[in-house]
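The values are calculated or read from the model by the stated rules, or taken from the named source; none is laboratory data. These numbers come from a predicted model, not from an experiment. Don't worry about glycine lacking a Cβ; one is built from the backbone with ideal geometry, like all the others, and counts go over all protein chains shown. What goes into the accessible areas is simple: the full protein's heavy atoms, side chains included, and nothing from ligands, DNA or RNA. Shrake-Rupley method; radii C 1.70, N 1.55, O 1.52, S 1.80 Å.
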Amino acid sequence: IVLKKKLGDALVNAGRPREAAAVYEDAAGESAGISEQIELQQKAAVQYFRSGNPDPGVRLLRSLAVSGDTQVPDSSVRAIMLLILCRGQLALRGLHYKERCIDEISQSQLSQLSIYWALTTCFVSIDPLRMLLFQSKHLLLSLKVGEPRHIASSLAIEAARVMAGGISRL
């Protein structure tokens, strides 16, 4: 698996995203650890998107979402309903958090954060509605668990969204 990861990285650096995606996906299938599998599937999905071939990337993202106990909404109406619910939770909750060390956070919560982040970063180029939904979920969970790196990443996207003329309030 280590060699396949390095090969995938080399292919990315060589500007060959479609081949890198296939290598990462193959390595993910052989991986025993769930966090490593998520990481490799995320890398594969990103490379499929970069190669201009988003369908396999979407397939991988859907499998990631299911493994993380979430779903990618099939319809825009469902995505909008879930987004309204999520943004409402954010408005009620606010942006306060208690910072926690990564060792204090469960592996399942860290995996879920990684899945939400993968969904956010991949959907940014093809589906802004679903991207915003998963970014909002990522922000909610980040604040709940208090993991600083994820909070910073999510708030950066939130700030960019506001600056781009999105909804001015949570």
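Rounded to the nearest percent, how much of the accessible area of the chain (1.4 Å probe, protein heavy atoms only) is carbon and sulfur? Mind dumping the intermediate values first?
Numbers: 5220 of 9020 Å².
On the chain, the fraction of accessible area on carbon and sulfur atoms equals 58 percent.
Using alpha-carbon pairs under 8 Å, 6+ residues apart, how would you state the relative contact order of the stretch 54-146 in percent? If you can, show how the numbers build up before the last one.
Values: 68 pairs, mean separation 35.2, N = 93.
For the stretch 54-146, the relative contact order is 38 percent.
Would you please give the FRET efficiency between GLN107 and LEU3, computed as 1/(1 + (r/R0)^6) with r the Cβ-Cβ distance and R0 = 30 Å, to the nearest 0.05?
On the way: r = 25 Å, r/R0 = 0.85.
So the FRET efficiency works out to roughly 0.75.
If you take the square roots of the eigenvalues of the alpha-carbon gyration tensor of the stretch 27-103 and sort them as a ≥ b ≥ c, do you get rounded (a/c under 1.5), prolate (a/b over b/c) or oblate?
Working: a/c = 2.41, a/b = 1.31, b/c = 1.85.
Note, shape of the stretch 27-103 comes out oblate.
Charges only on Cβ, +1 for Lys and Arg, -1 for Asp and Glu: so what's the dipole of the chain about the Cα centre, in debye to the nearest 20? Each step should come with its number before you reach the end.
Numbers: 20 positive and 16 negative charges, 100 e Å.
So the dipole magnitude of the chain works out to roughly 480 debye.
Counting each DSSP H run of 4 or more residues in the chain as -39500 (n - 2.57), what helix-only mean residue ellipticity at 222 nm follows after dividing by all residues, to the nearest 500 deg cm²/dmol?
Helix contribution divided over all residues of the chain: -24500 deg cm²/dmol.
What does the charge add up to near SER154, with Lys and Arg as +1, Asp and Glu as -1, over the other residues with Cβ less than 15 Å from its Cβ? Please list the in-between numbers first.
Values: positive: ARG87, ARG93, LYS137, LYS144, ARG149, ARG161; negative: GLU99, GLU147, GLU158.
Result for the local shell: +3.
Just need the relative contact order of the chain here, percent rounded to a whole number, with Cα pairs under 8 Å and 6+ apart. Mind dumping the intermediate values first?
Values: 191 pairs, mean separation 29.9, N = 170.
Reported relative contact order: 18 percent.
Could you give the nm distance between label points at ASN13 and VAL77, where each point is 7 Å from its Cα heading toward the beta carbon?
According to this spin-label approximation, the distance is 5.0 nm.
Within straight cross-link reach of LYS6, meaning Cα distance under 30 Å, which lysines are found once same-chain residues fewer than 8 apart are removed?
Output for LYS6: LYS43.
Give me the one-decimal nm value for the distance between modelled label points at ILE34 and ARG161, 7 Å along each residue's Cα-to-Cβ direction.
2.6
Quick one: grab the alpha carbon gyration tensor of the stretch 43-170, order the square roots of its eigenvalues as a ≥ b ≥ c, and give me rounded if a/c is under 1.5, else prolate or oblate depending on whether a/b is larger than b/c. List each step's numbers first, then the result.
Working: a/c = 1.64, a/b = 1.22, b/c = 1.35.
Oblate.
Once ligands and nucleic acids are excluded and a 1.4 Å probe is used, how much of THR121 is accessible, expressed in Å² to the nearest 10?
THR121 has an accessible surface of roughly 50 Å² with all protein chains in place.
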